[in-house]
1. Could you derive backbone 3J(HN,Hα) for the range 269-283 from the dihedral phi with the Karplus parameters 6.51, -1.76 and 1.60 (θ = phi - 60°), listing whole Hz in sequence and x where the residue is Gly or Pro?
2. Simple spin-label model, 7 Å along Cα-to-Cβ: Asp166 to Asn251 in nm?
3. At Phe90 and Ser237, where each label point lies 7 Å from the Cα along Cα→Cβ, what is the point-to-point distance in nanometres?
4. Using the alpha-carbon atoms, what tilt in degrees (0 to 90, nearest 10) does helix 167-182 show relative to the longest principal axis of the chain?
5. Using the Kirkwood radius built from alpha carbon pairs, what does the Stokes-Einstein equation give as D for the range 227-283 at 25 °C and 0.890 mPa s, in µm² per second?
6. If you average the sequence gap of Cα pairs under 8 Å that are 6 or more apart and divide by the length of the range 2-222, what percent do you get for the contact order?
7. Could you calculate the contour length gain from Phe65 to Glu223, that is, 0.36 nm times the residue separation minus the distance between their Cα atoms, to one decimal place in nm?
8. Which value does Rg/Rh take for the range 179-229 over its C-alpha atoms, Rh per Kirkwood?
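Read-outs: derived from the displayed coordinates by stated rules, not from any lab. It should be emphasised that the depicted structure is a prediction, and the values quoted were computed from it without experimental measurement. Note: ideal-geometry Cβ built from the backbone for every residue, glycine included; neighbour counts use all protein chains shown.
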Amino acid sequence: MQTVDLAVQYRQKNGDKTMAVSGLSLSVAPGEVVGFLGPNGAGKSSTIKCLMGFVEPHAGSASIFGLKAGSISAKRRVGYLPEVALYYPFLTPYETLDLYGKVQGLSGKSLRTEIDNLLEIVGLGAAKKKQNRTLSKGMLQRVGIAQSLLGSPELLMLDEVTSGLDPVGRKELRQLLKERQKAGCTLFFSSHELAEVEMLCDRILLIHKGKLVEERDLGSLKEELRKFSLEFVGHTSMVGLTSELEDFGGNRIRANFTTKALLLEAVDRAKTGGAKIVDIVSEEGSLEDYFIDKIQEAA
C-alpha cells in the first residue's frame, strides 16, 4: 500500500476550498501492522477514503498491491471498516453479513459457514438473529469488524477500529487482529487509543494538518522513550552521565538517565564510590506524551 505526494481537497458550502491532505507520502509493507495517528482533523479518514477509492485525490497517487486505489481489483483484496459504520436497522447481524458477502461475490454454504464463524469470533453468535436496531454501539462495531473480515482479505483498513468497544472487546479484537497478522494479513488502522496502538503495531505514522510529521518503528521508539533512574545515598559524581539530579536531602540523590548503558555505568560509579544504592528503576515512557509533543512541534 502506498501514497505518493497525495493531496485531498474539499469544497465547502461557501465555495472555499480546504486541503485535508497535502503532499502525503507513505508506504505499508505486506504483513505489517501500522498505526495511523493524528489529532481530529489531521486527515486520517480522508487518506483512508482516498485509499479505498471513495475520494478522488486532488494530486498525487494512491495504490494498493500495486493496483490503483479504488479499482475493483484492489478492493477485492481489502477489508474495510469506516469510522462510522451504519447498517440497515431492520436486518440482523447474520443478514447484514449475508448481504455484504453476496455483494463481494460470495455465496452458498461456504458463505453461510464463514458468517457463522465470524459472528462467533466477534462474540455475536447469540445475537446473530437480533435486529441491528436493538444492538448497542459496541455490538454494532463488532458487526462492522466481522463484515471487514469477510472473504479473508489480504489487507485490513480500519478507521477508529476500537470505537465503542469495552475493555473486553478491545482485548478480543487485539487477539483477533494478531491472529490475522500471523496468517499473513496486513493491517492499517487509525485509532485514538494509544494503548491499543502500542500493543498491536510494528510501526506508526503520525500526521498533522494533512502532512506526515513522523514515521517510527514502535520497538525503537519505546526503547527511546524508556526512562531509567538510580536512587542512592552518598557522595558520587554523575558528571558526564546525567545532569538530571533530584536531591532529597541527607545525601539522598535520584539520578535520571536516558539509556540503560548510562544507568549501568552510574551503578558502577556508585558502588566504587561507596554509595548505598536505594533503588534502580526502569519504566516505560509515555506514548501519549510523545504524541502530544510531536503535534505541538508541528503546530
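1. Per residue, the Karplus-derived 3J(HN,Hα) values read 4, 4, 5, 5, x, x, 6, 9, 7, 9, 7, 10, 10, 10, 9 Hz.
2. Taking the simple label geometry, Asp166 and Asn251 are separated by 5.6 nm.
3. With each label placed 7 Å out from Cα toward Cβ, I get 8.4 nm.
4. 80 degrees
5. Answer, rounded: 225 µm²/s.
6. 29 percent
7. 53.7 nm
8. Radius of gyration relative to Kirkwood radius: 1.02.
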